[in-house]
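The values are calculated or read from the model by the stated rules, or taken from the named source; none is laboratory data. Being a predicted model, the structure only gives us computed values, none of them experimental. Cβ placement follows ideal geometry from the backbone for every residue including glycine, while neighbour counts extend to all protein chains displayed.
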Amino acid sequence: MTAAPIARLWAWSRPATQPDDPRRARVRGRAVRLLTRRMADRAGVRITLPDGSGMGPDCGDALHLLVHDERVFDRIGIDFKIGVGEGFVAGEWGPGPGTDLADLLTRFAANLGDLVPPVLTRFRRLVEPRQPERHRNDRAGARANISHHYDLSNDAFAVFLDETMTYSAAWFAPEDPAGPAGLATAQRRKVAGILDLANVGAGTELLEIGSGWGQLAIQAAERGALVHTITLSHEQQSLARERIAAAGFADVVDVELRDYRDIAGRYDAVVSVEMIEAVGYEFWPRYFRSLADAVRPDGQVAIQAITMAHSRMLDSRHAYGWIHKHVFPGGLIPSYAVIAHHASSAGLRVTARRSLRDDYARTLREWRKALLDNPGAVRAAGLDDRFLKVWEFYLAYSEAGFRSGHLDVLQLRLTPRTADG
């Protein structure tokens, strides 16, 4: 079946007035089956159905996907962006023997432009749900969204993070070995890179927006800086304080529960690592004004931000997807263009830029391996097997985004205009 008939099936079954109509769900499932056959052929993926029949190439270099329950097609038909991940978590599909989940998702992501017929994209905004009002990142919503993700369990994060407890892209060197030791070295290098961009040294008064579990504050204090770091996560604040005290820097680092909109005072340097993704489209102008207002005229701001193409960001800025529902409510990845625009509007100029895209793909693979190698530790942290499936998909899906080029991650220096003329 060509793209046009698939589109007609999709349009007819659009659940605008009867979202629970089982007949429409079945028709959409039929459209998904037809689209899946097209996707398998174009992506070079062999898909095996429960009855043993297959779709796509049957050759040695094809990746392999197993459909365990054909109800996954109806699930995806109801909501593509959410249904794929929920189908995986439910055990309705998975990678075949010898195929890695991230490799499989990368193959589809890399061919996304050819997989979905353009005629179907016109229906996207009509059928996909919008982010719920409760996930809006005002002060109350931001606290709830951050708590949902970061107050999960410090012990659970410790299962897959390295000893630095750093939950953002590392910066690898060719000599870094695989495994936790190499990851820890790469994370310290990443933090050093951000601190270098902000010119943090002895006597620097530093503000960090988004404390994490305290690694950046510790490395800044090791350089002789005085650090004020803020977070909305009680769990992060508690462990960050413990780690900072254990490192001997409790007297020069203050870890405070505070919203970025409530910052007072000015600092020699301001840093923020992968915090902007939790701010939300509506509040990005306020975030950059907070950065600009907090830095002294002769200081520097350094941020690390995940980015996507500007057109894709505009298309998805109100959409509600699987990650919003199950992992990170209220999140939105910006584009570099929107960062530069809002920074400029706030009186900041991008004066240095570094990509860690490939490094993030490796970081995510290291995390996923550590998580899947230690299921007992996850259960000991009070979490169940469903958590493991959710996070396995989340980490593999994110890795595929970076490997395919749909996502990037940038370290940026933002200089006040008064400092550089």
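Considering only the range 406-413, I want to know if a residue exists there that is assigned to a strand (DSSP E or B), more than 26 Å from K81 (Cβ to Cβ), touching a Lys or Arg at 6+ places or on another chain (Cβ under 7 Å) and not hydroxyl-bearing (S, T, Y). Lay out the reasoning, then the answer.
So in the range 406-413, the residues assigned to a strand (DSSP E or B) come out as 407-413.
In the following step, the residues that additionally are more than 26 Å from K81 (Cβ to Cβ) were identified as 411-413.
The next check asks that each one be touching a Lys or Arg at 6+ places or on another chain (Cβ under 7 Å); those that pass are 411-412.
With not hydroxyl-bearing (S, T, Y) added as a condition, the list becomes 411-412.
Taking every residue of the range 406-413 in turn, at least one turns out to be assigned to a strand (DSSP E or B), more than 26 Å from K81 (Cβ to Cβ), touching a Lys or Arg at 6+ places or on another chain (Cβ under 7 Å) and not hydroxyl-bearing (S, T, Y).
Is it true that S316 is of a type in the set (S, T, N, Q), over 27 Å from A192 (Cβ atoms) and surrounded by fewer than 15 Cβ atoms within 10 Å (Cβ to Cβ)?
Working: of a type in the set (S, T, N, Q): yes; over 27 Å from A192 (Cβ atoms): yes; surrounded by fewer than 15 Cβ atoms within 10 Å (Cβ to Cβ): no.
For S316, the condition - of a type in the set (S, T, N, Q), over 27 Å from A192 (Cβ atoms) and surrounded by fewer than 15 Cβ atoms within 10 Å (Cβ to Cβ) - is not met.
Please find, within the range 272-286, the residue that is nearest to the chain's Cα centre (by Cα) out of those that are more than 10 Å from P334 (Cβ to Cβ) and part of a helix (DSSP H, G or I).
Looking at residues that are more than 10 Å from P334 (Cβ to Cβ) and part of a helix (DSSP H, G or I), I get A278.
Among E366, E392, E399, which is among the acidic types (D, E), within 17 Å of A156 (Cβ to Cβ) and under 14 Å from the mean Cα position of the chain (by Cα)?
Answer to the check: E392.
Can you tell me which residues in the range 290-307 are surrounded by fewer than 21 Cβ atoms within 10 Å (Cβ to Cβ) and over 17 Å from V271 (Cβ atoms)?
Matches in the range 290-307: P297 only.
Give the residue, chosen from A181, A202, A192, that is within 21 Å of D373 (Cα to Cα) and at pLDDT 95 or above.
Numbers: A202 fails: within 21 Å of D373 (Cα to Cα); A192 fails: within 21 Å of D373 (Cα to Cα).
From the options A181, A202, A192, the qualifying one is A181.
All but one of (1) under 17 Å from S233 (Cβ atoms); (2) free of Cβ contacts under 8 Å to residues at least 24 places away in the same chain hold for D176; state the number of the condition that does not hold.
Only one criterion is unmet by D176, namely (1).
Of I76, I47, I82, which residue is part of a strand (DSSP E or B) and surrounded by 19 or more Cβ atoms within 10 Å (Cβ to Cβ)?
Working: I76 fails: part of a strand (DSSP E or B); I82 fails: part of a strand (DSSP E or B).
Exactly one of I76, I47, I82 is part of a strand (DSSP E or B) and surrounded by 19 or more Cβ atoms within 10 Å (Cβ to Cβ), namely I47.
Got a number for residues in the range 134-152 being part of a helix (DSSP H, G or I), closer than 17 Å to W284 by Cα and over 17 Å from the mean Cα position of the chain (by Cα)?
Total meeting the criteria: 4.
Pairs under 7 Å by beta carbon, first residue under 20 Å from I339 (Cα atoms) in the range 259-282, partner among the basic types (K, R) and at pLDDT 95 or above, six or more apart or different chains?
Qualifying pairs under 7 Å: R261/R286.
In the range 153-184, what count of residues is obtained for those that are among the polar types (S, T, N, Q), part of a helix (DSSP H, G or I) and within 16 Å of E366 (Cα to Cα)?
0
For L371, work out the one condition from (1) farther than 30 Å from D293 by Cα; (2) surrounded by fewer than 20 Cβ atoms within 10 Å (Cβ to Cβ) it doesn't fulfil.
Evaluating L371 over (1) farther than 30 Å from D293 by Cα; (2) surrounded by fewer than 20 Cβ atoms within 10 Å (Cβ to Cβ) leaves (2) as the failure.
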